[in-house]
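The values are calculated or read from the model by the stated rules, or taken from the named source; none is laboratory data. Note that the structure is a prediction, hence the values are computed from the model and not measured. Reconstructed Cβ throughout: ideal geometry from the backbone, glycine too, with neighbour counts over all protein chains shown. Surface accessibility is based on the protein's heavy atoms, side chains included, excluding ligands, DNA and RNA. Shrake-Rupley method; radii C 1.70, N 1.55, O 1.52, S 1.80 Å.
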Amino acid sequence: MEQINAILTEHLGPLGLLLAVGGLGVLLMLITLPVLMKRKADPLDKLIALRKQTKSGDDSTGPSLRNSSKNDKLEKYSNFLEPQNEEEYSSIRLKLMQAGYRSKDAVRTFHFAQFALGIGLLILGVLYTILTSKTGEPSTQAIIMSTLIPGGVGYMAPKYWITKRQQQRREEITNGFPDSLDMMLVCVEAGQSLDQSIVRVSKEIRAGFPALADEFEIVSHEIKAGKDKVNVLRDMSERAGVNDVASFVTVLIQSATFGTSVAEALRVFSAEMRDKRVMRAEEKANTLPTKMTLATMMLTVPPLLIILLGPSIYNIVETLGKFKM
């Protein structure tokens, strides 16, 4: 790297490395833009344009049944902002749904945020490096670190945010699920059907657990729309990403398949969920002393050693000083 920096400095001046990195970035952008601009027209875009022309010329077609997307500006870059592999697209789509982002443009917006933040912070890093190079002579390693680290942080920040949101949402669903089962059991035993109890539970638990309330509300809407109840419950299990919800869906499907009582199944399963919540609390309480061991040693042992050994060390130092005199 030092040899490369010396060659660039000799030919391009003190900012040779930065100019080379900037030129490489511009070259990559110029190579990418023609690929994006030569994208074939999507048949759906042609249909949308045809509908707009028809509506502008003749209003006899009536209002459109589907509202236009708010992110139409990103539609032309969908091949660049969306994974072309179906498995990869499904994976990131599922992760965004489990984080609470269910819109059809969520994947596109996520990749656009990664691209925009990565490029933006990379440019800021280059500007910062240029300003620092004017006041001093930073090393090659410092130039590379101050230029690439902001770009990497900007690229990874949306992924970290989605992962954090996914974990928080799973934790919220896990904490509120036992209470929702107890409430659902009360509704079923009071004479309501399972569909009505789901609607009632979604309204009651919204104040404390909005993520779980949203999942129950989606289930109620899909059932009202005529979708198969088994598929609706399995979709809920996939969206939640929680093992307790998956077990609950399995219990309901088996109860409907074998014709057993839903109330009895809910009673047994809700009791298990309460016991499981108590076990999780006990597990956290048992791991607390282990986590506090290091902090206790760091904060307690050094002062104790100072108190116990400090006077003895002081006396030994004074005695040695007298002998030397």
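Being at positive phi and either surrounded by fewer than 14 Cβ atoms within 10 Å (Cβ to Cβ) or in contact with a Lys or Arg (Cβ under 9 Å, 6 or more places away or on another chain) (or both) is the requirement here; does G321 meet it? So G321 does not fit the description; no. Contact annotation: residue pairs with Cβ atoms under 9 Å, 6 or more positions apart or on different chains, pairing a residue in segment 23-36 that is assigned to a helix (DSSP H, G or I) with a partner that is open to solvent by less than 80 Å² (accessible area, probe 1.4 Å) and at pLDDT 70 or above, are G25/I119; G25/L122; G25/V126; M29/I119. Kindly establish whether R93 is assigned to a helix (DSSP H, G or I), among the basic types (K, R) and modelled with pLDDT of 70 or more. Yes. The set of residues in segment 165-195 that are over 24 Å from the mean Cα position of the chain (by Cα), of a type in the set (A, V, I, L, M, F, W, C) and assigned to a helix (DSSP H, G or I) comprises L181, M183, M184, L185, V186, C187, V188, L194. Considering only residues that are in contact with a Ser or Thr (Cβ under 9 Å, 6 or more places away or on another chain) and more than 29 Å from R165 (Cβ to Cβ), look in segment 184-195 and name the one that is surrounded by the fewest Cβ atoms within 10 Å (Cβ to Cβ). Filtering segment 184-195 for residues that are in contact with a Ser or Thr (Cβ under 9 Å, 6 or more places away or on another chain) and more than 29 Å from R165 (Cβ to Cβ), the one surrounded by the fewest Cβ atoms within 10 Å (Cβ to Cβ) comes out as A190. Scanning segment 106-141 for residues being crowded, with 18+ Cβ neighbours inside 10 Å and within 17 Å of V21 (Cβ to Cβ) gives a total of 6. The single residue among R274, R234, R267 that is free of Cβ contacts under 8 Å to residues at least 24 places away in the same chain, open to solvent by 70 Å² or more (accessible area, probe 1.4 Å) and of a type outside the set (F, W, Y) turns out to be R234. One residue stands out in segment 201-218 among those that are assigned to a loop (DSSP other than H, G, I, E, B) and either open to solvent by less than 30 Å² (accessible area, probe 1.4 Å) or among the basic types (K, R) (or both): the one that is nearest to G100 (Cα to Cα), namely R206. Does A246 meet the test of being surrounded by 15 or more Cβ atoms within 10 Å (Cβ to Cβ) and more than 17 Å from R102 (Cα to Cα)? Spelling it out, A246 is indeed surrounded by 15 or more Cβ atoms within 10 Å (Cβ to Cβ) and more than 17 Å from R102 (Cα to Cα). Residues satisfying the criterion are present in segment 291-312 (criterion: open to solvent by 90 Å² or more (accessible area, probe 1.4 Å), closer than 30 Å to V242 by Cα, at pLDDT below 85 and assigned to a helix (DSSP H, G or I)).
Assess whether G226 counts as being more than 31 Å from the chain's Cα centre (by Cα) and open to solvent by less than 70 Å² (accessible area, probe 1.4 Å). In short, yes.
Among the candidates I162, I198, I144, I223, single out the residue that is β-branched (V, I, T), within 30 Å of A6 (Cβ to Cβ) and in a helix (DSSP H, G or I). Every option except I144 fails the conditions.
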